[in-house]
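**Q** Here it is: the structure, laid out below.
The values are calculated or read from the model by the stated rules, or taken from the named source; none is laboratory data. None of these values were measured; they are calculated from a predicted model. Cβ: placed from backbone, ideal geometry, glycine included. Neighbour counts: every protein chain shown.
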């Protein structure tokens, strides 16, 4: 990727229910006036109350987010697609075959796979949130427009 800050970024994961909508919300909170953000999944999942809770803890409201797929996107003119699962990465590479768009892969643990108490699950979601937040800042804060 070049040293310029992208004007439009798409975050993608498997079902657009946990990782990618959270990344979109975090990025909007940090850089919303400067960059257009969206998210999509390979398949359409179900809204997840745990991700909504950990987003709200840091002032990000994703309660109105409805999971959707690449095919549902109204616009495909992104400068950068950040993929958060192997399945999403393959889909993004296929999606951008004829587009001038960078694709980066951030392997991101799916917290829905964690079993145990409510608090243990929330810890996994918080860890994912904090990791995404750090990576988004590192990727976009130092780039120039």
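**Q** Any residue at all in the stretch 71-78 that is more than 14 Å from residue 128 (Cβ to Cβ) and assigned to a helix (DSSP H, G or I)? Steps first, please.
**A** Of all residues in the stretch 71-78, those more than 14 Å from residue 128 (Cβ to Cβ) come to 71-78.
Now narrow it down to the ones that are assigned to a helix (DSSP H, G or I): 71-72.
Yes, because at least one residue in the stretch 71-78 is more than 14 Å from residue 128 (Cβ to Cβ) and assigned to a helix (DSSP H, G or I).
**Q** Oh, and also: Restricting to the stretch 46-66, name every residue that is in contact (Cβ under 8 Å) with a residue 24 or more places away in the chain and out of contact with any helix residue (DSSP H, G or I) (no Cβ under 9 Å at 6 or more places or on another chain). Explain how you work it out, then say what you get.
**A** Going residue by residue through the stretch 46-66, those that are in contact (Cβ under 8 Å) with a residue 24 or more places away in the chain are 46-48, 50-51, 53-55, 57-62, 65.
Passing the criteria: only 46.
**Q** Something else now. What is the one condition in (1) modelled with pLDDT under 95; (2) under 16 Å from residue 110 (Cα atoms); (3) surrounded by 21 or more Cβ atoms within 10 Å (Cβ to Cβ) that residue 22 does not satisfy?
**A** Unmet for residue 22, out of (1) modelled with pLDDT under 95; (2) under 16 Å from residue 110 (Cα atoms); (3) surrounded by 21 or more Cβ atoms within 10 Å (Cβ to Cβ): (1).
**Q** Only one of these conditions is not met by residue 33: (1) within 21 Å of residue 140 (Cα to Cα); (2) at pLDDT 95 or above; (3) surrounded by fewer than 21 Cβ atoms within 10 Å (Cβ to Cβ). Which number is it?
**A** (2)
**Q** With respect to residue 20, is the statement that it is in contact with a helix residue (DSSP H, G or I) (Cβ under 9 Å, 6 or more places away or on another chain), part of a strand (DSSP E or B) and closer than 17 Å to residue 85 by Cβ true? Can you show your working first?
**A** Values: in contact with a helix residue (DSSP H, G or I) (Cβ under 9 Å, 6 or more places away or on another chain): yes; part of a strand (DSSP E or B): no; closer than 17 Å to residue 85 by Cβ: yes.
Judged against the criteria, residue 20 is not a match.
Residue by residue, here is whether (1) crowded, with 16+ Cβ neighbours inside 10 Å; (2) assigned to a helix (DSSP H, G or I) holds:
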residue	(1), (2)
37	yes, no
56	no, yes
61	no, no
82	yes, no
93	no, yes
99	no, no
104	no, no
109	no, no
115	no, no
